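Worksheet: the structure to be examined is printed underneath.
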Amino acid sequence: MTAEQLGEVIRAGVPMAEDIGFTVDEAGPGFARARLVFSERLIRPGGTLSGPVQMALADAAMYAAVMASIGQVEMAVTSNLSINFLEKPAPADLIAEATVLRRGRRIAFCEVRLLSPGEADGEEVLVAHVTGSYALPRQR
């Protein structure tokens, strides 16, 4: 599936993706690079993007990477997600790079790096590290 197709499927199936400005920028087998478009509505006290929004981006990026690996499978669902917040993201678009580390018949294990613009031009700073798994539907 292309990045555009993945974004359409996710926004159609998970309407909240539209609310948080979720897009898929790139996709390939077992990989997706997704974006959360910055909005003041997503900020929590202290001036940073809220944790639940960061988790939503990571989860949707994993979903995109899984579908980029096996095709359009809307019934693949998150079975586990663990996030480590490392740094405060900048008030800018947040990037998620999701990779399928291992895929079996019934489960896919993923890793996501959440990246925020750094102070130097073009530099991206790792602001959160996410691991998770997706339960895959039975193949018929």
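Read-outs throughout are calculated quantities, based only on the coordinates presented, and are distinct from any laboratory measurement. Being a predicted model, the structure only gives us computed values, none of them experimental. Virtual Cβ from ideal backbone geometry, glycine too; neighbours counted across all protein chains shown.
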Item to complete: Identify the trypsin sites (Lys or Arg not before Pro) of the stretch 57-116 meeting these criteria: DSSP loop state and at most 15 other C-beta atoms within 10 Å of the C-beta.
Response: Arg105, Arg106
Worksheet item: Per the Kirkwood definition applied to all pairs of different Cα atoms, how many angstroms is the hydrodynamic radius of the chain?
Response: 14.9
Worksheet item: Taking every eigenvalue of the Cα gyration tensor of the stretch 14-79, multiplying by 5 and rooting it, what semi-axes result, largest first, whole Å?
Response: 24, 12, 10
Worksheet, complete the sentence: FRET efficiency for Glu26 and Met75 from the Cβ-Cβ distance with R0 = 22 Å, rounded to 0.05, comes out at 0.35
Discussion item. If I take every Cα pair under 8 Å that is 6 or more residues apart in the chain, average their sequence separation and divide by the length, what percent do I get for the relative contact order?
Written reply: 24
